[in-house]
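The structure appears below as C-alpha cells.
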Amino acid sequence: MTVVVLLGAPGAGKGTQAPLLAEHLGVPVLASGDLLRAAVAAGTPLGREADRYMSRGQLVPDETIVRIFLDQLRAADAKGAILDGFPRTHAQAEALDRALAEHGDRVDHALYIAVPLEDLVSRMASRRICAANGHVYNVATNPPQRPGLCDIDGSELIQRPDDAEATVRARMAQQVPPLEEVADYYRAAGILRTVDGRQPIDEVSQALIAELSDGVGSATGGGH
Ligand code: AP5
C-alpha cells in the first residue's frame with residue numbers, strides 16, 4: 001500500500017491538494033478535520049468533545065484522534081491513502097507508524113506544503129467550504145464557477161467557524177510547534193520533502209506529484 005502524509009500549517013493547502021494527489025495515486029483521502037467536523041455536525045459525543053478544542057483553535061487530545069483516525073485507516077482502501085491533517089503531533093506520528101507496522105506497512109512519503117504564516121491568515125479569511133462535503137474554495141484565489149455554490153455537488157458554500165481571525169491566530173500559535181516536531185520526525189526518517197505552497201494551486205500540485213514520483217520510500221519495506 002502507499003501511504004502519503006500531507007503536512008502543512010493551517011491554511012497551507014492540504015485540503016486543496018489532497019484530492020488531486022488521491023486522484024493521481026488512485027487512493028482515498030482520510031482527512032482528520034473533515035472527520036471531526038462531521039462528528040461535530042452530527043452532535044455525537046466525540047463531536048461535542050472535539051468542538052470544545054476546535055472552537056478554541058486547539059488540537060483535539062492525542063488519545064481521541066489516534067483512536068478514531070486509525071479506525072478509519074484500517075477500514076480504508078487496501079491500496080493506501082493520503083492522510084490530510086494526521087499526524088499532527090510526535091505521539092500521533094509514532095502511533096501511526098506502530099499501526100502500519102502491524103501489517104508490514106509504513107509511511108512512504110511525507111510532503112510538507114510550506115507557506116509563511118503571514119500569508120495564511122488572509123487565505124483563511126477568504127476560504128469557503130461546501131456544506132455537504134467540505135470541498136475547498138477561496139473567493140480571492142480559487143472561486144467557484146457559480147458564486148456561493150460548490151462546483152462539484154452544488155451545495156451551499158459556507159465559512160468555517162474556526163476561520164475567524166482570532167481563532168486562526170490561536171491555531172497558528174498552538175499547532176505550528178507540534179507540526180514542526182512531526183516534520184523533524186519524518187526528516188529524521190529520510191522521507192520528508194518540502195514544496196513551496198505560495199505558488200499557484202496547479203504548480204503546487206505538480207511539485208507534489210514530482211516528489212511522489214522520485215522514488216522516495218519505494219526502496220524497502222514489506223507490504224508495498
Ligand atoms: P483541519 O480541518 O485539518 O484544519 P487545518 O490543518 O487547520 O487545515 P485547514 O483545513 O485550515 O487548511 P488546509 O491546509 O487544508 O488548507 P486549504 O486547502 O483549506 O483541522 C481542523 C481542526 O481539527 C484543528 O484545528 C484541530 O482542532 C482539529 N484536528 C484536526 N486534525 C487533528 C489531529 N490530527 N490532532 C488533533 N486535532 C486535530 O486552503 C486554505 C485556503 O487557501 C483555501 O481557501 C484555498 O482555496 C486556498 N489555497 C490553497 N492553496 C492555495 C494556493 N496555492 N494559492 C492560493 N490560495 C490557495
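The values are calculated or read from the model by the stated rules, or taken from the named source; none is laboratory data. As the structure is a prediction and not an experimental result, all values here were calculated from the model. Positions of Cβ are backbone-derived with ideal geometry, glycine not excepted, and every protein chain shown enters the neighbour counts.
Kindly evaluate residue 5 against the criterion of being part of a strand (DSSP E or B) and in contact with a strand residue (DSSP E or B) (Cβ under 7 Å, 6 or more places away or on another chain).
yes
I need the full set of residues from the stretch 116-163 which are basic (Lys, Arg) and either more than 27 Å from residue 50 (Cα to Cα) or free of Cβ contacts under 8 Å to residues at least 12 places away in the same chain (or both), in order please.
146
Would you point out which residue out of 92, 72 is touching a strand residue (DSSP E or B) at 6+ places or on another chain (Cβ under 6 Å), of a type in the set (S, T, N, Q) and within 23 Å of residue 111 (Cα to Cα)?
72
Checking residue 177 against (1) surrounded by 15 or more Cβ atoms within 10 Å (Cβ to Cβ); (2) assigned to a helix (DSSP H, G or I); (3) not charged (D, E, K, R), only one condition comes out false. Which one?
Answer for residue 177: the failing condition is (1).
Results for (1) hydrophobic (A, V, I, L, M, F, W, C); (2) in contact with a Lys or Arg (Cβ under 9 Å, 6 or more places away or on another chain); (3) at pLDDT below 95; (4) surrounded by fewer than 14 Cβ atoms within 10 Å (Cβ to Cβ), shown as yes or no for each residue.
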{"site": "76", "(1), (2), (3), (4)": "yes, no, yes, no"}
{"site": "80", "(1), (2), (3), (4)": "no, no, yes, no"}
{"site": "90", "(1), (2), (3), (4)": "no, no, no, no"}
{"site": "97", "(1), (2), (3), (4)": "no, yes, no, no"}
{"site": "101", "(1), (2), (3), (4)": "yes, no, yes, yes"}
{"site": "110", "(1), (2), (3), (4)": "yes, yes, no, no"}
{"site": "115", "(1), (2), (3), (4)": "yes, yes, no, no"}
{"site": "121", "(1), (2), (3), (4)": "yes, yes, yes, no"}
{"site": "146", "(1), (2), (3), (4)": "no, no, no, yes"}
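Please go through the stretch 102-139 and pick out each residue that is in a helix (DSSP H, G or I) and within 12 Å of the ligand (Cβ to nearest atom).
Across the stretch 102-139, the qualifying residues are 119, 120, 121, 122, 123, 124, 125.
Within the stretch 40-49, restricting attention to residues that are small (Gly, Ala, Ser) and farther than 17 Å from residue 15 by Cβ, which residue is surrounded by the most Cβ atoms within 10 Å (Cβ to Cβ)?
Once the filter is applied, the top-ranked residue is 47.
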